[in-house]
Amino acid sequence: MSSYSKPEVEIPYTSINPVPLHPIKPPVSTTRSSNLPNLPAAAAHRQQHEAKKVIPGYTLSTHIFPAALPRTKCHTGPTPKFAFSDAHRKVKVFDTAAHLQSMREAANEVYDDDWPSEPLWIVANRFTAQRPLSPANNGRRNGITMTFMHANGFHKETWEESLKAFFSHSTLIGSIVDEIWLFDAANHGDSAILNEGKLGDIFNWKDNTRDFLQFLQYFLPELPGSELATHLEPLPEAIARKRVRDGFSNRQLVAVGHSLGGCCTCRAALYAPKLFSDIILVDPVIVPPYQREMFREGALPLAATVGRRSEWPTREEALKSLLQSPFFRKWDSRVLDTYIDFAMTEDGTDVGIRLKTSGYQEAATFAEERLPAEVWELLPELDDEIEIRWVMSGKADDPEDDPPMSDRLWRRQTTVWRRRMRNSNIKMKGSGHLIPQTVPDDLAIGNYGQGGLYDDGMPRIDEATLIAMQQHVAQQVALAQIPDVVKRFIVQFHQAIVNNNLPEITACYENGWNKLTEQFYPKTEWPEAEIIAPLVNDNPVFLILYRELYYRHIYSRLTPNVDDRFHSYENSCELFNYLLNSDGPVALSLPDQWLWDIIDEFIYQFQSFSVWRSKPKLKNEDELSMLAAEAETAGGSQLWSCYSVLNVLYSLVQKSRINEHLSGVRQGLPESELLELAGEYGSRPLYRMLGYFSLIGLLRVHVLLGDFTLALKVMENIELNQKVHFPMNYLPNIR
């Protein structure tokens, strides 16, 4: 797997002054509309006869809802056509392309509450899980809803092959995804059929974003799996406002968008972040403002899109014609078949079939160049709780392969790292910009680095990739079950650790953790560190500290099993190795209470393991075999051995030079000399307190081992009958 590394230099840019989204006018009930459109004939037929055949385990239904109002004002009317028999066709095509470009460049995003006079419509496919769906309870969201927005020139069904692979490779996914919604943009696919004659010469990507937002606010039903009419009824405005403010009550939303759809998905998440849990952006059209001119110059000329062929006598002829183009020959054959079936229609043509999305409307969409730069500029403002997964072109550094999509124009590295938190990116090996069309299986399972084709020319999914994918899915399942308040706490706790904000760390440690433990985990484990890792950008130091709390909770509230006992020791080793063997003192601040608890818990778990190991008759075969395997390791077992525990404590004492410091205190040396005695490590509160508490710990361990003389020896520099500046109030906590 490859990905974009963080750029070493940030290129300065001049703000494009992003324009806020225009407010959405609350939609009226469809029962008040006198002229509701019917589903296109092919969509109605598929819903009636193939509803349970498209994606295994899911049922298809197709719905219509009104596009957001108002919309950007522009000239509307029938789509221009350019007959190949017209001697002036070439001139007309170029003039039309120039008109579309000039209209978009001059457009000032003018909105009029009374425009358009006739509503536009959006067509969406819903796939509902056939299994019973459980409502959310106790703050835990049990189901995921996924939404998909397509690229320019495509249609909602273009995602289906990826979805089939997505669900066929893991039963886990089918157990958590309740609903899937696929949308046709207003001038694409089935939506374009319903809006024929009402589309304009401007397609503002912000209106596409507002259509998506209006659906999420007003038309996505409260409960997954609800019975729905073909024409969706809007929810009350109070519910829509609450959703924007607080998010969904019974869903977690994972939104996926490709190209145009990725840009609009990201803009929607910027506007209403509470609606989104994760966004997956598949090579989205998001570019830096300083690339706008170069991006425009390098893009496919609008005239080529305006003048593209859009009619054929039959679907067979259409397929034969498309396969003559290298552009279509790169596609997965199944996706190309889907394009022939669903991007084309018999409606509105006398010659046989035509594209639902005209070249004119595709060019009007291509003419947009402002929103991609606005979204790029706004990316750092995206809510920290939303995770972004960038799935990018694997051929972007090969300008000869797909010149208009090259990194020379797009600067993908700067884009994927524009927002640094909760962010990951991968390059899709073997694919250019059209990832869902060329490698649908690999997109579905996250097979981003696998190479090689087999004899039939089709990629295979190896076992290691499947296992990794299933582990990732299992992680996402578990993450989805964590209450939102716990997620927010973990993110806050992590940020406090990163910033070395001692008051905030103390509040999280002494109050937040205990409060949430009582509320959610009084008799169960906290989520494992591997599950919450995406929330904290896989920060290794935070995860070690989190595991320290995780295992301490198990030991104090539950009964540790053999894995807990082994793994808690491994985590302790990682923690002390980080503290003792890093290059110099670590830049970490922790409250004294936590430092005492770390030493106290380390010794307690050693004592607990020793007692547990001494009772072989109470152990099952797995536990005995694990102990035997550990004992046979080279050099003998160090697992919770006396030597390993004593070594850690004496190392902390030595590293902190705490005895030298205490001796200096007894001699009444000034602070400057005490700091010099303490050295590089001991002059830092973290190491000084760990060293001091390690002396108390050594007293305890030597008493447990029956060496009372040595126990008293380690305490020789501590005057228990004197008041000293080291806090002694922790001593009563010794177990």
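The values are calculated or read from the model by the stated rules, or taken from the named source; none is laboratory data. As the structure is a prediction and not an experimental result, all values here were calculated from the model. Neighbour counts are summed over all protein chains in view; Cβ atoms, including those assigned to glycine, are modelled from backbone coordinates with ideal geometry. Note: areas computed on protein heavy atoms with side chains; ligands, DNA, RNA excluded. Shrake-Rupley method; radii C 1.70, N 1.55, O 1.52, S 1.80 Å.
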Ranked by accessible surface with a 1.4 Å probe, highest first, in what order do THR709, THR357 come? THR709, THR357
Taking the Cα centre of the chain as origin, work out the dipole magnitude from +1 charges on Lys and Arg Cβ and -1 charges on Asp and Glu Cβ, in debye rounded to 20. 880 debye
Residue separation between ARG309 and ILE24 times 0.36 nm, minus their alpha-carbon distance, gives in nm 99.0 nm
Read phi for every residue in region 678-695 and hand back ³J(HN,Hα) as whole Hz from Karplus 6.51 cos²θ - 1.76 cosθ + 1.60, θ = phi - 60°, with x for Gly and Pro. 5, x, 4, 7, x, 6, 9, x, 4, 6, 4, 6, 5, x, 4, 5, 5, 4
Using only protein heavy atoms and a 1.4 Å probe, report how much of TYR4 is accessible, in Å² to the nearest 10. 20 Å²
In deg cm²/dmol and to the nearest 500, what is the mean residue ellipticity at 222 nm of the chain if only DSSP H runs of at least 4 residues count, each as -39500 (n - 2.57), divided by the residue total? -13500 deg cm²/dmol
Please give the solvent-accessible surface of TYR521 in Å², to the nearest 10, using a probe radius of 1.4 Å with every protein chain present. 10 Å²
Note: GLN324 to ARG488 extended length (0.36 nm per residue) minus current alpha-carbon separation gives 53.7 nm
Rounded to whole Hz, the Karplus (6.51, -1.76, 1.60) HN-Hα couplings of region 365-377, x for glycine and proline: 6, 4, 5, 5, 9, 8, 4, x, 6, 5, 4, 4, 5
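What's the carbon and sulfur percent of region 586-694's accessible surface, probe 1.4 angstrom, rounded to a whole number? List each step's numbers first, then the result.
Values: 2710 of 5240 Å².
So the carbon and sulfur contribution to the accessible surface is 52 percent.
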Any chance you could run the full-extension gain for ARG89 through ALA44? It's 0.36 nm times the residue separation minus the Cα-Cα distance, nm to one decimal. 12.6 nm
Given charges at Cβ of Lys, Arg, Asp, Glu: region 1-110 dipole, positive-most of LEU60, HIS49, SER85: HIS49
Just how much of PHE342 is accessible, in Å², when a 1.4 Å probe is used and the result is rounded to the nearest 10? 40 Å²
Whole-Hz couplings from phi, Karplus 6.51/-1.76/1.60, listed for region 704-719; x for Gly and Pro: 4, 7, x, 9, 6, 5, 5, 4, 6, 4, 5, 9, 5, 8, 9, 9
So how strong a dipole does region 572-716 carry about its Cα centre when Lys and Arg Cβ are +1 and Asp and Glu Cβ are -1, to the nearest 20 debye? 400 debye
Whole angstrom only: what separates the Cα centroid of region 191-207 from the Cα centroid of region 332-397? 14 Å
Non-local amide H neighbours of MET428 (under 5 Å, H modeled in plane, Pro and chain starts lacking H): which ones? MET392, SER393, GLY394
Estimate the FRET efficiency between ASN500 and LYS523 by the formula 1/(1 + (r/R0)^6), using the beta-carbon distance for r and 51 Å for R0, to the nearest 0.05. 0.90
For region 44-112, just say rounded, prolate or oblate: build the C-alpha gyration tensor, square-root its eigenvalues into a ≥ b ≥ c, call rounded for a/c under 1.5, and beyond that prolate if a/b exceeds b/c, oblate if not. oblate
Sorting GLU374, GLU109, GLU10 by accessible area (1.4 Å probe), largest first, what list results? GLU10, GLU109, GLU374
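Going from most exposed to least, what order do THR59, THR524 have by accessible area with a 1.4 Å probe?
From most accessible down to least: THR524, THR59.
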Below 8 Å between Cα atoms, with a sequence gap of 6+, how large is the relative contact order for the chain in percent? 12 percent
Taking a probe of 1.4 Å and leaving out DNA, RNA and ligands, the chain shows per residue an accessible area in Å² of 44 Å²
What dipole magnitude, in Debye to the nearest 20, does region 556-601 give about its Cα centre under +1 on Lys/Arg Cβ and -1 on Asp/Glu Cβ? 60 debye
